[in-house]
Amino acid sequence: MPELPRTPADAGKFVEAMLGEKPQLMVHAGDLPATARALRDLLAECEYLFDRDTPVKLVQPSDGGPMWAVPLTVNTVVIEAHDLCQPVKVDRRGELIALTLPERVARMYLDMGEWNLRPLAGITTAPVLAADGSIRDVEGYDPQTGLWCCSVPKLIVPERPGFEDGKTALRRLRATFETFPFADAIRRCDPDLGVEVVDLAETPGRDESAFLAALLTAVCRPSLWLAPGFLIEAPALSGAGTGKGLLVRAICAIAFGIRPRAFTAGHERQELEKRIAADLIQAAPALFLDNVNGAVLRSDTLAAAITERPARVRVFGELRMAVLNSTAFIAITGNGLTVSEDLARRFIDCKLDAGCEDPESRPFDPGFLERIELQRIDLLSAAVTIWRFGRQNRQDLKRGRPLGSFESWCDWVRDPLLTLGCRDPVERVEMLKAHDPHRQKIAELFKAWWTHHKDELIRASELAEPVRRLIDPLGRGRQFVATALGRMAGTRAAGFVLVRQEAGGKWGAASYALHQTTTDPASGIGHRGHRGHRVSDPIPADPMTPMTPMPDGLWDAELIAVEEKSWTL
C-alpha cells in the first residue's frame, strides 16, 4: 500500500496509486442498476460472503466464540465494496476520480434477490457424516452440504465398530455424565464424590436415554436433513441448579467445541419469534433458548425450523420472509416448562430432578465444562462410534416407535441407542402432548360431552349447559358456540373424534356427534368400532374435515390473558 498523503499535493498521487492497486468499479450516474450488477459480480468472488436468502458475511467474534453469519446492511455493503475495489466515476473533464459507493447502489444490491453467492446451510466444527458410515474432515466451504466447516478435529473411530465397541463407547459417555440427576435414573451413592450418581450397572432410563439421544443428535445434526430439538425441564420450584444449562453447554462442547450463546424468551411471543429468527439467520451450530420458566411454549418459527427445510422465517425490521436451510441443534431449558401440542412431537424431552429443595447446594468439583473441552476428541469419537455402528449394522438395529418427519433421525440416532440398551425417547411425545393445557381443555370438553350426550347427533343449541359452559364460559351466545364447534370438527382427543353433519336445507344448522376412536388411558374409554364408529353408527353426510387446532380465544378470556403473559396464545 502506498504511503499515506501528508500534503494536498500528495493526495492526487495517493488516489492514483490506490486506483492502480484495486479493481475499479465504475459508477454510472445514469445507470445505477448496471453499477449494482457489477458490484454483485465483484462480491460474488468473495470467499466469506454467502447467500442465506440475504447476503451474509462470516464473522469471527472477538471473544473467540464460534463463527456466525451477519446479514449485510447498506453500510456494510459499502464497506465490503471498498475492501475489494475502488468505486470511480468520470468527471466533467473526462478523468476518473475516486468516490464513496452511493448508498442507492448498496440498496439496489440488497434488493436484487440474486446475488450469485454460495448458499450457506450452517456453520459446523463437527465432522461431516455420510449415510454409508464414512466421515469427512472438511475445512472451509463444503459444496455437497452447504456447510462452512472449521476447526474440525481428527477422530479415532473404528473402521467397522461392532456391538461391543458401541457398548464401550456408550459406557464412556454415560460415565462422563453420571453426576447429572436424570429424573428416572437408578442411582447409587458415590463415596468419593459424596453424592448420588447414576448407577451405570443398570440400563439407562428414559431421561438419560433422551440425553444420550440429544448428544448424538448434536453430533449428527449438521449432516442430517431434519432432526428434533432437545427439551430439558426440571420441577417448577426446585429445578434451579439441577444442571440444565450445563448439560446443553456440555453437549455443544463435545459436538461443536463451543459454548453456545444462550438467549431468553422475552416477555411477549412476538419478541420470542424475532429472537429465534435472528438466531437462525446467523447459522450458528446451536440455538440455545434458556430459562423458559413456568410457561407453555409455543413458536411457529421453531416449529417450521425443526420440521421444514427450507423454512420461512420473518426477517426482523423487514416486510419479507427469509427462506432458510437450518442445521442448528435446538435446545430449550426451563423449570415447570410445557410445550404446546404443535411443538410436542418436535422435541425430545429430558427431565432432571435432584431430589432436594436446593439442588445448587450439592457438592461438586469445579471445572466440569473445562474437563469436557479437554476430552472433546475422546468423547466425540465415542459418539461417532455409536453412530457408525448403527450405519454399518442397519439390518440388525432394534426399531422404535415411528416419528413422522424424522425417519432419518430415527435411523441415525435413536435406533442405534435402542440396540445398545437405551429407552425410546419418542415414548415421551404422548406425555408432552397430554400436558398441553390446550389439549387438556379439549379433552375435558369431550369427556363432559360424552357424559351428557354419548354419540347422539345434536345441534349446538341442544348442548347440555355444562358442555356449553366449557365452550363458552363467558356466555357469548349460541353463535359463538356454533362457530367454535365448526372449527373443532375433526379434532381427536381423549379417545374421541368430533364429526360434523351439514344441515339438509339452506338455512338449517349443522349437527355434531362424538365418536369413540381408541382407548384413552386416563378415562378408560375404549375402541368400539372401525375408525371410531360403531357398526350401527350413521356415517356423517359430510366427510370429516382435517384436524384443526382449537382457535385462540375459544376459552375463558382471563385464562387467555394469563397464557399470553407466558407467550402462549
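Where a number appears in this text, it was derived from the coordinates with a stated rule and is not lab data. Because the structure is predicted, anything quoted here is derived from the model rather than measured. Here the Cβ is made from the backbone with ideal geometry for all residues, glycine too, and neighbour counts use every protein chain on show.
Kindly put Val323, Val56 in sequence by how many other C-beta atoms sit within 10 Å of each C-beta, fewest to most.
On the way: Val323 14, Val56 21.
Ranked by crowding around the Cβ, least crowded first: Val323, Val56.
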For this session: Report the full-extension gain for the segment Arg160 to Ile97: residue separation times 0.36 nm, less the Cα-Cα distance, to one decimal in nm.
Result: 16.2 nm
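For Asp63 and Glu47 in the same chain, what is the full-extension length gain: residue separation times 0.36 nm, less their Cα-Cα distance, in nm? Please report the intermediate quantities before stating the final value.
Numbers: separation 16, 0.36 × 16 = 5.76 nm, distance 2.26 nm.
Contour length minus Cα-Cα distance gives 3.5 nm.
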Problem set entry | Mean-position separation - Cα centroids, segment 33-61 and segment 130-178, in angstrom | 33
Problem set entry | Distance-filtered residues of segment 370-405 - backbone nitrogen under 18 Å, label point 7 angstrom along Asp132 Cα→Cβ | 388-395
Seminar exercise, completed: Scoring only Lys, Arg, Asp and Glu (+1, +1, -1, -1) among other residues with Cβ under 14 Å from the Cβ of Asp83 yields -2
Exercise. Can you give the FRET efficiency for Lys22 and Arg401, using 1/(1 + (r/R0)^6), R0 = 56 Å, r = Cβ-Cβ distance, to the nearest 0.05?
Worked result: 0.40
Seminar exercise, completed: With His28 itself left out, Lys, Arg at +1 and Asp, Glu at -1 over residues whose Cβ is under 13 Å from its Cβ give +2
Seminar exercise, completed: Ordering 418-431, 138-151 by per-residue average of other C-beta atoms within 10 angstrom, highest first, gives 418-431, 138-151
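Listed highest first by mean packing, meaning other Cβ atoms within 10 Å per residue, what order do 202-208, 357-363, 343-349, 173-179 come in?
Numbers: 202-208: 20.0, 357-363: 11.6, 343-349: 23.9, 173-179: 18.1.
With the highest mean Cβ count within 10 Å placed first, the list reads 343-349, 202-208, 173-179, 357-363.
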Problem set entry | Order by protection proxy (mean Cβ within 10 Å, highest first), peptides 381-387, 485-491, 226-232, 40-46 | 226-232, 381-387, 485-491, 40-46
Exercise. Rounded, prolate or oblate: which fits segment 163-433, taking a ≥ b ≥ c as square roots of the Cα gyration tensor eigenvalues, rounded meaning a/c under 1.5, else prolate when a/b beats b/c?
Worked result: oblate
